[in-house]
Amino acid sequence: MKETPLSNCERRFLLRAIEEKKRLDGRQTYDYRNIRISFGTDYGCCIVELGKTRVLGQVSCELVAPKLNRATEGILFFNLELSQMAAPAFEPGRQSDLLVKLNRLLERCLRNSKCIDTESLCVVAGEKVWQIRVDLHLLNHDGNIIDAASIAAIVALCHFRRPDVSVQGDEVTLYTPEERDPVPLSIHHMPICVSFAFFQQGTYLLVDPNEREERVMDGLLVIAMNKHREICTIQSSGGIMLLKDQVLRCSKIAGVKVAEITELIQKALENDQKVRKEGGKFGFAESIANQRITAFKMEKASIDTSDVEEKAEEIIAEAEPPSEVVSKPVLWTPGTAQIGEGVENSWGDLEDSEKEDDDEGGSDEAIILDSIKMDTGIEVSDIGSQDAPIILSDSEEEEMIILEPDKNPKKIRTQTTGVKQEKAPNKKPVKRRKKKRAAN
């Protein structure tokens, strides 16, 4: 999936803000974003957050045979992965040009600078050496991947502990952490990358560009330096021409930033070591800030329960007396109950108005029967006899309809083929009757 390109309006807005020495996140020209370092439960596992850019670093080790040309030196291996979880533009299973460039820059920064004593990783010359593997996973991409990755790699290496070994003759014994304390790596210095973005062909300069600023920049300069102001590597990309004064100016800024970041790393390592020695809680879960939706815990609130009875009595004394007690339910039939004064349910009773309507409806139905008898010539048997069925006969055809009798028959349906009758509402015959009376 390709990344969404910036519109011309966004591009012009960013460049105009940079010309006015303003940035979208409110930083100044030479300001870094906030750096946060958290450690996992295992040694050599850490997460570095540079603003919204997050990188997970994990260090592992194993005993392998050394290289033929360097029989007494250990092996360092660095691997950076860009997954789609960080940004949808990264394609899985394919090494992009950006990924190749970042891996090469990390190797030059950490391996070629000799920051780790590789000879101390040798167990048996020519036979067994330690291979240290540093895996870096980009969790979220918001610009300046190389700076966050270099910090995560050096922090993970400083935090890592390898198992202790002993050699007796040709036998190599590997001890577990319970048998012997793990051994830290021998680190000479801590090289850290600092990125500088150039705009308008080197006219404007920004430190630690974010993702949107990287899209509109013309060139990028990366300087890897330690706190002793020793340049470990330097790389320029983008095809812009930089003057000597610009490079010297960037190196001075990088020296100040590297000193601040190194101090932050050392404090984070000391705090983690102190917590582990004291037996406190540590790990990624403990580093999550409280008072958030994503927090796993919250601080316990103390509750004073010494005078609960006195407060309860005061509340009862000040409260209003309870209302009258509701009468017991009255059981009329099994499975039913009525709560209240014990009055019988009156839902089934008809009101006076409904009774009058029923009476009028009965008289109207009698009128309908008379009219049907006069018009169609249907003979109706005695309705008074409830036992015998009602038989309606038509003189024109031989169809017979038998209706089951009811106690109070209200409606009688007749079916004839010669005459079509429409069912009229109850109120219309009443009106006809009134009209006939008026005529009489």
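The values are calculated or read from the model by the stated rules, or taken from the named source; none is laboratory data. Please read all numbers here as calculations on a predicted model, not as lab measurements. A quick note on method: Cβ atoms are made from the backbone with ideal geometry, for glycine too, and the neighbour counts reach across all protein chains shown. Heavy atoms of the whole protein, side chains included, go into the accessibility calculation; ligands, DNA and RNA do not. Shrake-Rupley method; radii C 1.70, N 1.55, O 1.52, S 1.80 Å.
Starting from segment 201-212, keep only residues that are touching a residue at least 12 places away in the same chain (Cβ under 8 Å), then list their pairs with residues that are aliphatic (A, V, I, L, M) and part of a strand (DSSP E or B) whose Cβ atoms are within a distance under 6 Å, requiring at least 6 positions of separation or different chains.
L206/A197; P209/A197
Is it fair to say H188 is touching a residue at least 40 places away in the same chain (Cβ under 8 Å), open to solvent by 10 Å² or more (accessible area, probe 1.4 Å), closer than 30 Å to G219 by Cβ and not β-branched (V, I, T)?
On the way: touching a residue at least 40 places away in the same chain (Cβ under 8 Å): yes; open to solvent by 10 Å² or more (accessible area, probe 1.4 Å): yes; closer than 30 Å to G219 by Cβ: no; not β-branched (V, I, T): yes.
Against the criterion (touching a residue at least 40 places away in the same chain (Cβ under 8 Å), open to solvent by 10 Å² or more (accessible area, probe 1.4 Å), closer than 30 Å to G219 by Cβ and not β-branched (V, I, T)), H188 does not qualify.
Could you list, in sequence order, all residues of segment 53-74 that are farther than 18 Å from L264 by Cα and basic (K, R)? Steps first, answer last, please.
Of segment 53-74, the ones farther than 18 Å from L264 by Cα are 58-74.
Scanning segment 53-74 gives K67, R70.
Output yes when any residue across segment 17-37 is acidic (D, E) and without any contact (Cβ under 8 Å) to a residue 40 or more places away in the chain, and no when none is.
Start the filter on segment 17-37 by keeping residues that are acidic (D, E), which leaves 19-20, 25, 31.
Then drop every residue that is not without any contact (Cβ under 8 Å) to a residue 40 or more places away in the chain, which leaves 20.
Among the residues of segment 17-37, at least one is acidic (D, E) and without any contact (Cβ under 8 Å) to a residue 40 or more places away in the chain, which makes the answer yes.
Would you point out the residue of segment 226-267, among those that are touching a strand residue (DSSP E or B) at 6+ places or on another chain (Cβ under 6 Å) and farther than 29 Å from H159 by Cβ, that is least open to solvent (accessible area, probe 1.4 Å)?
Only one residue fits best here, namely C250.
Can you confirm whether segment 148-156 contains a residue that is surrounded by fewer than 22 Cβ atoms within 10 Å (Cβ to Cβ) and either under 41 Å from the mean Cα position of the chain (by Cα) or assigned to a loop (DSSP other than H, G, I, E, B) (or both)? Before the answer, list the steps.
Here is the first cut: in segment 148-156, the ones surrounded by fewer than 22 Cβ atoms within 10 Å (Cβ to Cβ) are none.
No, segment 148-156 contains no residue that is surrounded by fewer than 22 Cβ atoms within 10 Å (Cβ to Cβ) and either under 41 Å from the mean Cα position of the chain (by Cα) or assigned to a loop (DSSP other than H, G, I, E, B) (or both).
The conditions are (1) part of a helix (DSSP H, G or I); (2) of a type outside the set (F, W, Y); (3) open to solvent by less than 40 Å² (accessible area, probe 1.4 Å), and R104 fails exactly one of them. Which is it?
All conditions pass for R104, except number (3).
From I154, I240, grab the single residue that is of a type in the set (V, I, T) and farther than 30 Å from N8 by Cβ.
Details: I240 fails: farther than 30 Å from N8 by Cβ.
Being of a type in the set (V, I, T) and farther than 30 Å from N8 by Cβ holds for just one of I154, I240, which is I154.
Across segment 33-59, what is the total count of residues that are touching a helix residue (DSSP H, G or I) at 6+ places or on another chain (Cβ under 6 Å), within 14 Å of A153 (Cβ to Cβ) and either assigned to a loop (DSSP other than H, G, I, E, B) or of a type outside the set (A, V, I, L, M, F, W, C) (or both)?
Adding up the residues that qualify gives 2.
Quick test of your reading of the structure: I223 fulfils all but one of (1) without any contact (Cβ under 8 Å) to a residue 40 or more places away in the chain; (2) surrounded by fewer than 17 Cβ atoms within 10 Å (Cβ to Cβ). Name the failing condition by number.
The number of the failed condition is (2).
Tell me yes or no: at least one residue of segment 1-17 is touching a helix residue (DSSP H, G or I) at 6+ places or on another chain (Cβ under 9 Å), surrounded by fewer than 16 Cβ atoms within 10 Å (Cβ to Cβ), hydroxyl-bearing (S, T, Y) and part of a loop (DSSP other than H, G, I, E, B).
Looking through segment 1-17, none of the residues is touching a helix residue (DSSP H, G or I) at 6+ places or on another chain (Cβ under 9 Å), surrounded by fewer than 16 Cβ atoms within 10 Å (Cβ to Cβ), hydroxyl-bearing (S, T, Y) and part of a loop (DSSP other than H, G, I, E, B).
Output yes when any residue across segment 273-287 is modelled with pLDDT under 75, surrounded by 10 or more Cβ atoms within 10 Å (Cβ to Cβ) and more than 30 Å from L185 (Cα to Cα), and no when none is.
no
Let me confirm something: among V167, V134, V172, V183, which residue is under 20 Å from I75 (Cβ atoms) and either among the aromatic types (F, W, Y) or in contact with a Gly (Cβ under 8 Å, 6 or more places away or on another chain) (or both)?
Details: V167 fails: either among the aromatic types (F, W, Y) or in contact with a Gly (Cβ under 8 Å, 6 or more places away or on another chain) (or both); V172 fails: either among the aromatic types (F, W, Y) or in contact with a Gly (Cβ under 8 Å, 6 or more places away or on another chain) (or both); V183 fails: either among the aromatic types (F, W, Y) or in contact with a Gly (Cβ under 8 Å, 6 or more places away or on another chain) (or both).
After applying the criteria, what remains is V134.
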